[in-house]
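What follows is a short report on a single structure.
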Amino acid sequence: MTLTELEGERSTLGRLLLSRKDLSSDWVPSFAAVPRAPFLPDVMWPYDMDAGTTVAVDRHEDPDTWHRYANANAPIVTQWDDGTTDGQGTVSTSSASMPSVVFGMLRDLDVQAGHRVLEIGTGTGWNAALLAHRLGKSRVVSIEVDPQVADQARASLEAFGLPVRVVTGDGALGYAKGAPYDRIIATAGLRQIPAAWLEQTRPGGVIVAPWGTHFSHQDAVARLVVSEDGASAAGHFTGPVQFMKLRSQRTAFDGHAAYVPERLEGAERFTTHVQEDALLRGGRFSAALFAIGLRVRDCWHQVAPKQDGARPVWFYSLSDRSWACVMFRDGAKADVWQAGPRGLWTDVLDALAWWEFEGEPGYERFGLTVTAKGQHAWLDRPRSSWPV
Ligand SMILES: C[S@@+](CC[C@H](N)C(=O)[O-])C[C@H]1O[C@@H](n2cnc3c(N)ncnc32)[C@H](O)[C@@H]1O
């Protein structure tokens, strides 16, 4: 089937993804043959990109809206709080990813006929079905940590006629029984690329995974090629994304109150020349913040909403109780409060100055090298790298 044979919203979506270059021409037949709808539950929570909110949609109550979202370029939450609630909870823990992200990562994966692929994070099963349609169902294995999600994905894949092997387990361990793989693709965000994936990918094979630091929820897609001796994998990032994190690699943050006293007692106070725009430019995805996260280790930050012309940005150390706050104000110098042994704002400022000095590199100029001993990030080439 081709795009021209599709009608209505699916044809519109296909043309959008093609124009954005997320959908590469080799994936068009699978896009056309494997719609997202058969993998979605009756009640789901699409993220409305225009409104910036998550809405609940019930297929039985409003089938038109349900189908419109199924065929839209929007991420759709399908589970909250690890399944401890049936309704909308606090943390989204499983989803059908945004189609532009799904096809962008499949494009980066660069599969060829005959390849064997391991997917981490089965979720709805849609991505596994796309891979199975392209490569054959026996060439794809997918791992899902949540037993209920795994069961549902198995049922959907079976009903669609692409019964991929779905393993219930921790994807960080890979699936040694099916190794070696030509490709590994993760659809959950990582802070550390597991050594098992390196061992289970053949030399010259490719690992595609959303990766980031504990500095923020923001990730970038790492495209790593395994070296000929199999001892390392390295490559550039291809662009920013946001994913729900691998369960064992979620950021453990103890909350604001564990760090900051009521009246900010004991904090050093000074002003900074840095303007809000220098730190937060780029909106949802800021290359400056990604770069700072690479340089300032074990730090979590939160950008608070602007109120009466003032916006606080908080930084919390994950290795001790150091914290800092910079209060940006329209038309005035920003105030800084900083406490604890680390001097977090000073570290952030150094990292920002370094990023500016390097010509404000975007995500694609950064890269990652992974070995069994650890991982290093780098700018442009692996030559000068630093541990992350
Ligand atoms: C964004 S969803 C995956 C989307 C999916 N590929 C699809 O096509 O619908 C992320 C999934 O990763 C799963 N996950 C989280 N931690 C995991 C782990 N350690 N091992 C395997 N799966 C994990 C979550 O339960 C969730 O279902």
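Read the figures in this text as sums done on the coordinates, not as results from a lab. What you see is a predicted model; the values in this text were computed from it and never measured. Heads up, the Cβs are rebuilt from the backbone with ideal geometry, glycines too, and the neighbour counts pull from every protein chain shown.
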Taking every DSSP bridge whose two residues both lie in segment 23-168, the antiparallel percent to the nearest 5 is 60 percent
Cα-Cα pairs in the chain separated by more than 37 Å, as a whole percent of all pairs, come to 25 percent
Here the relative contact order (percent) of segment 256-357, from C-alpha pairs under 8 Å and at least 6 apart, is 29 percent
The chain: relative contact order from alpha carbon pairs under 8 Å, six or more residues apart, as a whole percent, is 10 percent
Full extension between His256 and Lys21 adds, at 0.36 nm per residue less the Cα distance, a length in nm of 80.5 nm
Length-normalised contact order of segment 331-379, Cα under 8 Å, at least 6 apart, in percent, tallies to 18 percent
Given unit charges at Cβ for Lys, Arg (+) and Asp, Glu (-), the dipole magnitude of the chain about its Cα centre in debye, nearest 20, is 940 debye
Rounded to the nearest 10 degrees, the helix 8-19 long axis (Cα) sits at an angle to the longest Cα principal axis of the chain of 60 degrees
With the label point 7 Å along the Cα-to-beta-carbon line of Asp86 and a cut-off under 19 Å to each amide N, the hits in segment 145-175 are 147-153
Taking a ≥ b ≥ c as the square roots of the Cα gyration tensor eigenvalues, with a/c under 1.5 meaning rounded and otherwise prolate when a/b beats b/c or oblate if not, segment 79-238 comes out oblate
Row for segment 258-388, column shape: gyration tensor on C-alpha, a ≥ b ≥ c, rounded if a/c < 1.5 i.e. under 1.5, prolate if a/b over b/c, else oblate; value oblate
Gyration tensor on Cα atoms of segment 3-187, a ≥ b ≥ c root eigenvalues, a/c under 1.5 rounded, else prolate if a/b beats b/c, else oblate, says oblate
Extend 7 Å from the Cα of Glu7 along its Cα-to-C-beta direction; within segment 46-70, residues with backbone N under 19 Å of that point are 63-70
Here the net charge surrounding Lys306, from other residues whose Cβ is less than 9 Å away from its Cβ (Lys, Arg +1; Asp, Glu -1), is -2
Percent antiparallel among DSSP beta bridges confined to segment 183-298, rounded to 5, stands at 70 percent
Ranked on Cβ counts within 10 Å of their own Cβ, fewest leading, Lys306, Lys137, Lys245, Lys177 go Lys177, Lys306, Lys137, Lys245
